[in-house]
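Participant: Would you mind keeping the following structure in view while I ask a few things?
The values are calculated or read from the model by the stated rules, or taken from the named source; none is laboratory data. What you are looking at is a predicted structure, and each value in this text was computed from that prediction instead of being measured. Glycine gets a Cβ as well: all are built from the backbone with ideal geometry, and neighbour counts include every protein chain shown.
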Amino acid sequence: MATHNPSYITQNRLGIFIFQVRIPAGIRHNSPFFRKSLRTRNRSEALSHARRLMCMFDDIKARFFDDEAQYKKAMEILGDYELGTTGNWESVEKFLTNLNSYDSHLLEQAIDYETIKKKKEQAGTSEPQPQPQPHCINALTTFVKVTRWSSPSWIA
């Protein structure tokens, strides 16, 4: 019985597993794929490492906006939410029921973004804290740069 590898795992000609994921068009340079050697020939070990990388990649994409227009629309919806809800539950419920699923998703992202931003401001540490990225392209670019030039802690 043949085993099936997930689409984000390939093997090179030497049998070493490679993590591979498509890079969004906005941050592509040369190749449409990001590839990282998992430095193992053991399939189960490669799957474990690749799943961790895929979760990190998906988490970054889920937390941030895809482009500036989406970010602006989300902040506009958040502003309307803050202005339109007077503190009573009826106004909140009325506002939320008028949103379609896409706008609701943008509102959730905007609230998450503002929460992260406020936590960073309240931390007040002496070291300067980087501000959260407003959209996905900056975060994915950072992920690609960091992962490309340094090995994760689980790779010796």
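Participant: Specify the residue that is surrounded by the fewest Cβ atoms within 10 Å (Cβ to Cβ); the eligible residues are those in region 71-115 that are touching a strand residue (DSSP E or B) at 6+ places or on another chain (Cβ under 7 Å) and modelled with pLDDT of 80 or more.
Facilitator: Only one residue tops the list, namely Gln109.
Participant: Related question: Quick one: Glu68 ticks every box in (1) touching a helix residue (DSSP H, G or I) at 6+ places or on another chain (Cβ under 6 Å); (2) of a type outside the set (Phe, Trp, Tyr); (3) at pLDDT below 80 bar one, so which box is it?
Facilitator: Going through the list (1) touching a helix residue (DSSP H, G or I) at 6+ places or on another chain (Cβ under 6 Å); (2) of a type outside the set (Phe, Trp, Tyr); (3) at pLDDT below 80, Glu68 breaks only (1).
Participant: Of all the residues that make up region 87-112, how many are closer than 17 Å to Lys73 by Cβ and aromatic (Phe, Trp, Tyr)?
Facilitator: Here the count works out to 2.
Participant: Where residues in region 1-14 are surrounded by 10 or more Cβ atoms within 10 Å (Cβ to Cβ) and modelled with pLDDT of 90 or more, which of them is nearest to Leu53 (Cα to Cα)?
Facilitator: Ile9
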